[in-house]
Amino acid sequence: MRWWRAAVTALVAGLVLGVLTNLAQGWLPGAWNNLANSGAVWSVAAFVAGALVAGGLPREFTMYGPGVEAAYRDPGQGLTSAGPEAEGEDPGLTSVGPEARGRGRGFDRPGRGPEAWEEDSGGRRFEAGSDAGFGAEASPYGAGVTPAELLRLVPPAPSALPRALFAGLAVEVGLVAGYYGFAEFGRGGMGDLFWPLVWVVVACVAGPVFGVAGSWWRRGVARWQRVGGLAALAGVFGMEGVHYAFGLGYAPQAWACLVVFLLVPLLAHAVREIGLTLLAAVPLVGVAYLVVILPLRSLSG
């Protein structure tokens with residue numbers, strides 16, 4: 001999907017979500033209605049948009065060789081590397097996994113006919129008779145490498161980052177427009193233009209940030225990208241929880257944000273990354289509070 005198509009789709013989705021969050025404020029009881037259009041909840045929309053447009057495996061993606069010797073071919077770029085684990089190999093064709101480092105050879109099977117390959121349900125091919133397909137034995141670098149693991153190992157296309165950036169921006173601007181548009185035409189007026197303009201500015205910053213964070217979480221080859229993207233989402237919920245607890249005195253809502261803050265790291269791709277995500281999210285709570293909450297409080301003050 002081209003970046004402008006991703007942006008238009010995200011904008012439409014944001015408009016719909018903006019209307020729904022406005023309606024949800026009337027549906028949720030008491031102080032819980034603050035969660036309907038909270039900054040953390042709206043950031044989830046940009047994060048999801050960035051993850052969705054990050055892209056899957058390249059079209060006609062091909063795996064070669066058994067077990068840890070599995071290599072891949074990207075038709076758009078030729079025979080390419082699966083990431084930093086493949087350093088030291090011949091340029092072009094490499095093996096997936098740290099076991100492959102320094103081996104200096106690939107596992108291409110040139111000249112093989114169509115009968116030498118099998119396809120999985122997604123149309124991706126692997127060598128017939130090998131255990132290099134997308135099987136059930138889902139060790140990260142051993143036999144049966146899964147699509148989810150390959151999605152993490154194979155670098156995304158260069159266009160993935162712009163798509164995520166513009167999708168995050170569009171969905172956040174759409175949320176603001178949908179929310180205040182419904183307030184204006186469906187609830188008898190949105191009042192002063194000051195706060196809609198403030199939230200448009202916030203959306204123009206938060207949208208790209210969380211769009212890229214979602215893309216990094218889904219397709220980040222480097223661990224710091226996957227951890228940082230997910231930690232940003234956890235951190236914004238931590239920020240919201242601190243604001244509810246000490247700024248507004250809403251204890252139940254603060255506990256709800258704390259629960260989400262602790263659950264988000266569980267979306268990490270590996271067990272080790274869960275702890276790293278949580279550790280990275282803790283300082284981000286303070287940074288987000290200083291950068292977002294304090295300026296907004298001064299504006300409302």
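Only one of the listed residues (ARG297, ARG272) is loosely packed, with under 15 Cβ neighbours inside 10 Å, farther than 17 Å from SER43 by Cβ, within 22 Å of the chain's Cα centre (by Cα) and among the basic types (Lys, Arg). That residue is ARG272. Checked against (1) part of a helix (DSSP H, G or I); (2) in contact (Cβ under 8 Å) with a residue 40 or more places away in the chain, ASN37 passes all but condition (1). Taking segment 26-49 as the range and being closer than 15 Å to PHE237 by Cα, over 21 Å from the mean Cα position of the chain (by Cα) and small (Gly, Ala, Ser) as the test, only ALA36 passes. When segment 238-269 is filtered for residues that are part of a helix (DSSP H, G or I), open to solvent by 40 Å² or more (accessible area, probe 1.4 Å) and either within 24 Å of TRP217 (Cα to Cα) or of a type in the set (Ser, Thr, Tyr) (or both), the ones remaining, listed by number, are LEU258, VAL259, VAL260, LEU262, LEU263, LEU266, LEU267. Reported count of residues in segment 191-218, each being crowded, with 17+ Cβ neighbours inside 10 Å, among the aliphatic types (A, V, I, L, M) and within 17 Å of ASN22 (Cα to Cα), is 1. The one condition from (1) in a loop (DSSP other than H, G, I, E, B); (2) over 19 Å from PRO196 (Cβ atoms); (3) not aromatic (Phe, Trp, Tyr) that ALA13 does not meet is (1).
I want to confirm something. Restricting to segment 152-190 and keeping residues that are part of a loop (DSSP other than H, G, I, E, B) and hydrophobic (A, V, I, L, M, F, W, C), which single residue is surrounded by the fewest Cβ atoms within 10 Å (Cβ to Cβ)?
Our first condition is that a residue be part of a loop (DSSP other than H, G, I, E, B); within segment 152-190, this holds for 154-159, 187-190.
The next check asks that each one be hydrophobic (A, V, I, L, M, F, W, C); those that pass are 154, 157, 190.
Values: VAL154: 21, ALA157: 15, MET190: 17.
Here the residue is ALA157.
With the condition kept exactly as written, say whether any residue in segment 15-38 is at pLDDT 90 or above, closer than 19 Å to PRO162 by Cβ and either surrounded by 16 or more Cβ atoms within 10 Å (Cβ to Cβ) or not basic (Lys, Arg) (or both). No, that holds for no residue. Scanning segment 1-14 for residues that are out of contact with any Pro (no Cβ under 6 Å at 6 or more places or on another chain) and surrounded by 17 or more Cβ atoms within 10 Å (Cβ to Cβ) yields a total of 7. Here VAL221 does not fit the description of being among the hydrophobic types (A, V, I, L, M, F, W, C), touching a Gly at 6+ places or on another chain (Cβ under 9 Å) and part of a helix (DSSP H, G or I).
Being in contact (Cβ under 8 Å) with a residue 24 or more places away in the chain and within 17 Å of VAL202 (Cβ to Cβ): is that true of VAL236 here? Full working, then the answer.
On the way: in contact (Cβ under 8 Å) with a residue 24 or more places away in the chain: yes; within 17 Å of VAL202 (Cβ to Cβ): yes.
For VAL236, the condition - in contact (Cβ under 8 Å) with a residue 24 or more places away in the chain and within 17 Å of VAL202 (Cβ to Cβ) - is met.
Output the number of residues of segment 154-206 satisfying the condition of being small (Gly, Ala, Ser) and closer than 26 Å to ARG218 by Cα. Residues in segment 154-206 being small (Gly, Ala, Ser) and closer than 26 Å to ARG218 by Cα: 10 in total. The residue pairs whose first member lies in segment 184-200 and is aliphatic (A, V, I, L, M), whose second member is assigned to a helix (DSSP H, G or I), and whose beta carbons are closer than 7 Å, counting only pairs six or more residues apart or on different chains, are MET190/TYR180; MET190/ALA183; MET190/GLU184; MET190/PRO196; VAL198/LEU299; VAL200/VAL173; VAL200/VAL176.
The values are calculated or read from the model by the stated rules, or taken from the named source; none is laboratory data. Here the structure is a predicted model, which is why all the values come from computation and not from measurement. Cβ coordinates were reconstructed from backbone atoms using ideal geometry, including for glycine residues, and neighbour counts include every protein chain displayed. Just the protein is used for accessible areas: all its heavy atoms, side chains included, with ligands, DNA and RNA removed. Shrake-Rupley method; radii C 1.70, N 1.55, O 1.52, S 1.80 Å.
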